[in-house]
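Quick notes on the structure that follows.
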Amino acid sequence: MSFRRNLIIVLAHGLRNDALGDAGSWPLATPNIDALSNRGIRLVATSATPADPGAMTSLLTGRHARQHGLLTQRSGAPACDGWAAALAAEGYHTVGVGTVAPIARHLKEAVIVHDVDSQDVGSCAYLKNTRSKGLTAAVLHQRRQRLRRGPFEPDRLVMDPADDVDGFIMQEAARQLVQLPGDKPWALIVMLTGPGNDLAPPALGGDLISPDSLEDGWTMPDFTRLDQLAELDYPRSFLQRVDPTRLARIRADYLGRVSLLDFAMARLAMAMDERIDQSRTWMLLASDRGCLLGEHGLIGHRSFFGGSVETPFVLVPPRKPAKPVSEGTLLSTVDVAATIAELGGAELEPAAAGRSVLPMLRQEEFRTLTAGACISEYSQRILLETERYKVSFDTARQTPLTLFDMLGDTDEQDNLVQTIRGRNLLEGLRIRLADALMPVRADGPTVAGAVSIQAPREA
């Protein structure tokens, strides 16, 4: 037992893949996460389900959205089993910090932080901490402003980054890491509220990114075809009032929170290096979904555009491989779940759709369950992504919505659905979608207490 892998699992909410510095897409450096990437494997999980709480449930269970049934917006992720239950069953000492309520029943110890919508001071470890520092009233006011205005007019708090909600989570995670046992395998599970929590970074850490260089690419949304492209997270009037200056501030706030995550990861890595069992400890960083930052004039996540569904996946073994592994292989967040299970010598339930990426580290062939394609789903929409194309369908009407050729249109500007070329491609892509959906089983919910939810008809 003592020689099995230890696991540090960090799950962010709303962290888009290109927000990390090694992507070179934004004027942001994330040297600490980049250093971790260079010690292991850096992948892109391109099939996040862009809906709450379905995206996080997929990451925790290894099931696609149509399997667990969480396709629409709800308040808070429900309790679920997945790899947390599998690790506990394998004898792991499991400790969770952050928004771990959905898996709390499988944890030996838990420091539970409620999502940023919550006003419940009594049961949230973070809000209890703010009360001891006289910050509770300000934090609750900020949360109410977030509910009213989203990221468009955030309430900015002057506080130490350690007093921010995610700063508190990472500080508690580092403290828990020091206390973990040395005579049994353990898993430290850290679940953050951001950077996609729509909160401004604390003022003392919020000037890390200047908005001056973030106005490029601003465009007004095309409201005549908006329903084809997204389901809005915010009222249309909010988007109509966005100008380059306001968009740059939204982007700077988001990237400021990514930068805070980068510093927090460094603190966690340093704490790990002080442990005598570091030689068998693996680190993993992943995200449930991404976040749009002005692409097509949109702010939010309920779409299939790249910023919303492309999330990072960093896996760090205790010993650096012969060469860093950076793959463009099409993956899914359900593959992250399968990887965590294999790292712990555990198995997800038979219906889980993910496949572990550990064969990549062993220089072995990696095959996804969905025939080399990715699928994602929310509401009445489903996405198929192949090596070249991204196509989405309305599952109620069984009609195509968007079709992009990613080889020459990486910004997803040219919708081919109504073109002759697009019509010629669609039949083959429908067949490819059917092939990808064929092995996706739905033989019992993994969401605790869930009722049977009718999945949309296949396109």
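Simple spin-label model, 7 Å along Cα-to-Cβ: A162 to A104 in nm? In this crude label model, A162 to A104 measures out at 2.6 nm. Centroid-to-centroid, using Cα positions, the range 1-36 and the range 68-128 are 21 Å apart. For the pair K133 and D155, a Förster radius of 22 Å applied to the C-beta separation gives a FRET efficiency near 0.80, rounded to the nearest 0.05. Protection proxy ranking for 181-190, 78-87, using the average of other Cβ atoms within 10 Å per residue and placing the highest first: 78-87, 181-190.
Given +1 at the Cβ of Lys and Arg, -1 at the Cβ of Asp and Glu and no other charges, the dipole of the range 6-371 around its Cα centre is 400 debye to the nearest 20. Here the label points at E365 and D414, each 7 Å from Cα along the C-beta direction, are separated by 3.5 nm in the simple model.
If packing is taken as the average number of other Cβ atoms within 10 Å across a peptide's residues, how do 64-73, 263-272 rank, most packed first? Please list the in-between numbers first.
Values: 64-73: 23.2, 263-272: 19.2.
Highest-to-lowest ranking by the protection proxy: 64-73, 263-272.
Going from the residue with the fewest nearby Cβ atoms within 10 Å to the one with the most, R249, R156, R241 rank R241, R156, R249. Over the Cα atoms of the range 14-121, each weighted equally, I'd like the Debye log10 I(q)/I(0) at q = 0.10, 0.16, 0.21 Å⁻¹, rounded to two decimals. So the normalised log intensities are -0.39, -0.95, -1.19.
Taking every C-alpha pair closer than 8 Å and separated by at least 6 residues, the mean separation divided by the residue count of the range 106-206 gives a relative contact order of 29 percent.
Summary value for the range 150-289: 36 percent relative contact order, contacts being C-alpha pairs under 8 angstrom separated by 6+ residues.
In percent, rounded to a whole number, the relative contact order of the range 227-367 is 20, using alpha-carbon pairs under 8 Å and six or more apart.
Take T410, T61 and order them by how many other Cβ atoms sit within 10 Å, fewest up front. Could the numbers behind the result be given before it?
Values: T410 10, T61 29.
Fewest to most other Cβ atoms nearby, the residues stand as T410, T61.
Extension gain for D222-E387 works out to 56.6 nm (0.36 nm per residue, less the C-alpha to C-alpha distance).
Summing charges over all other residues whose Cβ lies under 12 Å from the Cβ of R175, with Lys and Arg as +1 and Asp and Glu as -1, gives -1.
The slack between E215 and E427, meaning 0.36 nm per residue of separation minus the straight C-alpha distance, is 72.4 nm. The fewest-to-most ranking of V336, V314, V158, V113 by surrounding Cβ atoms within 10 Å reads V158, V314, V113, V336.
P(r) tail for the range 6-371, what percent of Cα pairs lie past 29 Å? If you can, show how the numbers build up before the last one.
Numbers: 24380 of 66795 pairs.
Distances greater than 29 Å cover 36 percent of the Cα pairs.
Using only the Cα atoms of the range 190-328, each taken as one equal point scatterer with no solvent, compute I(q) by the Debye sum, divide by I(0), and report log10 of the ratio at q = 0.14 Å⁻¹. Ignoring solvent entirely, the Cα scatterers give -0.78.
Stretching M406 away from R241 to a fully extended chain increases their span by 56.4 nm, per 0.36 nm per residue minus the current alpha-carbon distance.
Only the coordinates and a few stated rules stand behind these numbers; no lab work does. Since this is a predicted model, take the numbers as computed values, not measurements. Cβ coordinates were reconstructed from backbone atoms using ideal geometry, including for glycine residues, and neighbour counts include every protein chain displayed.
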